[in-house]
Amino acid sequence: MKQGLKTVFPQIADIPVERKWAGRIAVTPEMMPHLYEPAPGILAGLGYSGRGIAMTSVMGRTLSAKLLGAPAADLPFPILPVTPIPFHGIASRLIPMAAPAMTLRDRFESLTNGI
Ligand SMILES: Cc1cc2nc3c(=O)[nH]c(=O)nc-3n(C[C@H](O)[C@H](O)[C@H](O)COP(=O)(O)OP(=O)(O)OC[C@H]3O[C@@H](n4cnc5c(N)ncnc54)[C@H](O)[C@@H]3O)c2cc1C
C-alpha cells in the first residue's frame, strides 16, 4: 500500500504515514453479498467481499423494506438458504495468499509493460 501510494502520489512520498487501519473482510464464493432470513423476522446481510461501502447502503434499504413487508421477489438481493461454504477449510487458508499473488502479478505486468 505504501509503495502504491508513493507511485500514485509521488509528491507526498516523504510524508510519513501517521495512522494505519486494517481488518478482516467477509468474502462470499461469488463475491456478492448474501441476504439470509434464518428465522422469520430475523435478517442478516453480509459478505460484501471488501466492497461494502456502497453495497451496505443498498442492503440497509433492502433489510428495512423486507421488515416493512416487501415481498421477497421485489428485493434486489435473493434470500438465500444458510449453507456451509464448500471447501471452506481449504479456501480460508488459500485466500491470504491471494493478495501477495496479485502483487506479484502486478509487478510482473509492470515489468513486461515497461511501467
Ligand atoms: C481493511 C479493509 C478495507 C476495506 N476497504 C474497502 C474499500 O476500499 N471499499 C469498500 O467498498 N469496502 C471496503 N471494505 C469493506 C467495508 O468496510 C465493509 O464491507 C462494510 O463496512 C460493512 O458494513 P456493515 O455496516 O455491514 O458492517 P460494519 O461497517 O462492520 O459495521 C458494523 C457496526 O456494528 C458495530 N457492532 C458490532 N457488534 C455490535 C454490538 N453487539 N452492539 C452494537 N454495535 C455493534 C460495530 O462496532 C460496527 O460499527 C474494507 C474492509 C476492510 C476490513
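Only the coordinates and a few stated rules stand behind these numbers; no lab work does. Being a predicted model, the structure only gives us computed values, none of them experimental. Because the Cβ atoms are built from the backbone with ideal geometry, glycine has one as well, and the counts that use them run over all protein chains shown.
Adding -39500 (n - 2.57) for every DSSP H run of four residues or longer, then dividing by how many residues the chain holds, sets the calculated 222 nm ellipticity at -12500 deg cm²/dmol.
Sites listed here are chymotrypsin sites (Phe, Trp or Tyr not before Pro) in the stretch 22-115 whose DSSP assignment is loop and whose Cβ has at most 13 other Cβ atoms within 10 Å: Phe87. For the chain, the longest principal axis of the C-alpha atoms and the axis of helix 52-67 are separated by about 0°.
If I model the stretch 24-83 as equal point scatterers sitting on the Cα atoms and use the Debye formula, what is log10 I(q)/I(0) at q = 0.16, 0.19, 0.20, 0.25 Å⁻¹? Per q value, in the given order, log10 I(q)/I(0) is -0.47, -0.66, -0.73, -1.09. Stretching Ile79 away from Met102 to a fully extended chain increases their span by 5.0 nm, per 0.36 nm per residue minus the current alpha-carbon distance. Across every pair of non-identical alpha carbons in the chain, the mean reciprocal distance, once inverted, gives a Kirkwood radius of 17.7 Å.
Between the Cα long axis of helix 98-113 and the first principal axis of the chain there is an angle of about 50°, rounded to the nearest 10.
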